[in-house]
Amino acid sequence: MKQCKFYINSFFAFLIFSAFVYISGCESNVVTNSNPVEQLSHSEQEFTDNSSLRANDSGVVVLNLEALNSPSDNIPDTYTRGIDIIPYYFSSSRSVNFKIGDSSYFSAKLYKESSGDTLFKLYNPGDSAMVNIQPGNYKLIVQSAYNYNVSPVENKTVFVQPSYTKPAFLILLKTNSCTKCDLRWVTFMFLNLRNARISTSDLSLSNFSFSNLSHARLDFTKMQGVSMIGTNLDSSDISNVIGVMGNFSAAKLNNANLSNSKFMFGTFSGAVIKYSNLSYTDMTGTNLCASEFSNNQTSGIRYNALTTCYP
């Protein structure tokens, strides 16, 4: 039987290991097949839009977890304020160790839909439970430990990520961190991802529009065709990125590091780019019209006749 360890770490995100699921860091391999693109990962909004959608142990699930009793916002919710419910389908039998990581401030529960049996309930940082998963449909319930009426904290982004590492299959649950993740085609609109760690992940064709990614680590990511319309990227690290044909219209990119990145044929129209590092960045064919572009480091920057409105 496979060994799985689930590690639920709430630095801001939630990860699970299946076969040996350990929740602490994100170690899954990025899927690089791009032709055709297959969406493996999903956001909470996609589950609200499609009631038949089920997560599996092959893709990341991204939750926007509010504090209990927090005021309503425009972000779709799978259940109610402070509680998210994600449907899962497991295709094979396996032993899984679910664990809440240190400094994690949410509880977790898994039950099987056909019988209603609860497989585990975890409440405190460091709690864990070894369970036997049989093929079938399950519901994963994640509940914030914060009460907005007592402590008005910001929403937390929780990542539930599988990791194909040897000798065990891992699904990691961790807050605000998902490195080496396959996050293609996922909708991340209006999320609070401030200080997120998403380095070395594949974000191609995903939509981060109007989200807060300030102070985030996005270095060495793939961003082909990504949508960052109106996204706050102030003080973020976007260096060594492949962002061909990305849309950064009206994005905020102040004090950001964009060095050594490739943004060919992208759109930065209306973006605010000030006091940022664009050294050796490739802006060939990029649209910079109506952008605010000043006081930036531009040594070695690449542009050509197809680059419109370059200062």
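Worth pointing out:
- In sequence order, the stretch 303-308 has phi-based couplings of 7, 9, 5, 7, 7, 9 Hz under the Karplus curve 6.51 cos²θ - 1.76 cosθ + 1.60, θ = phi - 60°, and Gly or Pro positions carry x.
- Phi-based couplings in Hz for the stretch 220-228 (Karplus 6.51, -1.76, 1.60; Gly and Pro marked x): 6, 8, 9, 10, 4, x, 5, 10, 10
- Of the cross-linked pairs 252/274; 174/222; 109/180, those separated by over 18 Å at the C-alpha level are 174/222; 109/180.
- Look at where the Cα atoms of the stretch 285-311 and of the stretch 223-277 average out, and the two centres are 12 Å apart.
- Computed from backbone phi with θ = phi - 60° and the Karplus coefficients 6.51, -1.76 and 1.60, the 3J(HN,Hα) list for the stretch 181-188 is 9, 8, 10, 6, 6, 8, 9, 10 Hz; x is used for glycine and proline.
- The amide H of residue 287, built 1.01 Å from its N in the peptide plane, has 266, 267, 268, 308 as neighbours under 5 Å, considering only residues 5 or more places off or on other chains.
- Taking amide H atoms as placed 1.01 Å from N in the peptide plane, the amide H of residue 282 lies under 5 Å from those of 261, 262, 263, 302, each 5 or more residues away in sequence or on another chain.
- Residues whose amide H falls under 5 Å from that of residue 133, counting only those 5 or more places apart or on a different chain, are 94, 95, 96, with hydrogens built in the peptide plane.
Readers should treat all values here as calculations from the given coordinates under stated rules, not as data from a laboratory. Because the structure is predicted, anything quoted here is derived from the model rather than measured.
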